[in-house]
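What follows is a short report on a single structure.
The values are calculated or read from the model by the stated rules, or taken from the named source; none is laboratory data. Being a predicted model, the structure only gives us computed values, none of them experimental. Cβ sites come from the backbone with ideal geometry, for glycine too, and all protein chains shown count toward neighbours. Surface areas here come from the heavy atoms of the whole protein model, side chains and all, with no ligands, DNA or RNA. Shrake-Rupley method; radii C 1.70, N 1.55, O 1.52, S 1.80 Å.
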Amino acid sequence: MFTNGLFSVVLLILSNIFMTFAWYGHLKLREYSWFESLPLIGVIVFSWAIAFFEYCLQVPANRLGFKDSGGPFDIMQLKVIQEVITLVVFTVFSTIAFKMELKWNHLAAFFCLVLTVYFIFKK
């Protein structure tokens, strides 16, 4: 059985998959003629429709994970966890969808994020 903290992290991962696709997926979808012909308002509505599911996962993730709601994380820890997940999901997305190459500076930045997580959880 999942604890509130683990369930919160799983929901944050799923939420960030939707968020990344809502924010950046439309750039990849331009390769399709039906999508390229959409006016900007159509692209915005398309992205908002995807973002709806992000919020349906993000809000419960934060509520379940937050200490005052019975979770294990304080507000700063929740935010850092969310940001690290966002960057990991984005990196996977950009390397798969856009064939971006990971370089040494990307790996150095990830190392800094690991340090951020370490320090935010340090008592």
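Against the condition open to solvent by 80 Å² or more (accessible area, probe 1.4 Å), at pLDDT 95 or above, not aromatic (Phe, Trp, Tyr) and not in a loop (DSSP other than H, G, I, E, B), how does residue 9 come out, does it pass?
Spelling it out, it is not the case that residue 9 is open to solvent by 80 Å² or more (accessible area, probe 1.4 Å), at pLDDT 95 or above, not aromatic (Phe, Trp, Tyr) and not in a loop (DSSP other than H, G, I, E, B).
Looking only at segment 62-79, count every residue that is open to solvent by 20 Å² or more (accessible area, probe 1.4 Å) and either part of a helix (DSSP H, G or I) or hydroxyl-bearing (Ser, Thr, Tyr) (or both) and tell me the total.
Qualifying residue count, segment 62-79: 9.
If only one of 77, 82, 58 is in contact (Cβ under 8 Å) with a residue 60 or more places away in the chain, in contact with a helix residue (DSSP H, G or I) (Cβ under 9 Å, 6 or more places away or on another chain) and of a type outside the set (A, V, I, L, M), which one is it?
On inspection, the qualifying residue turns out to be 82.
Per-residue answers, yes or no, for (1) surrounded by fewer than 18 Cβ atoms within 10 Å (Cβ to Cβ); (2) over 16 Å from the mean Cα position of the chain (by Cα); (3) at pLDDT below 95:
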{"residue": "22", "(1), (2), (3)": "no, no, yes"}
{"residue": "27", "(1), (2), (3)": "yes, yes, yes"}
{"residue": "46", "(1), (2), (3)": "yes, yes, yes"}
{"residue": "57", "(1), (2), (3)": "no, no, no"}
{"residue": "60", "(1), (2), (3)": "yes, no, no"}
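Taking into account only those residues within segment 12-39 that are of a type in the set (Phe, Trp, Tyr) and in a helix (DSSP H, G or I), which is farthest from residue 100 (Cα to Cα)?
Result: 34.
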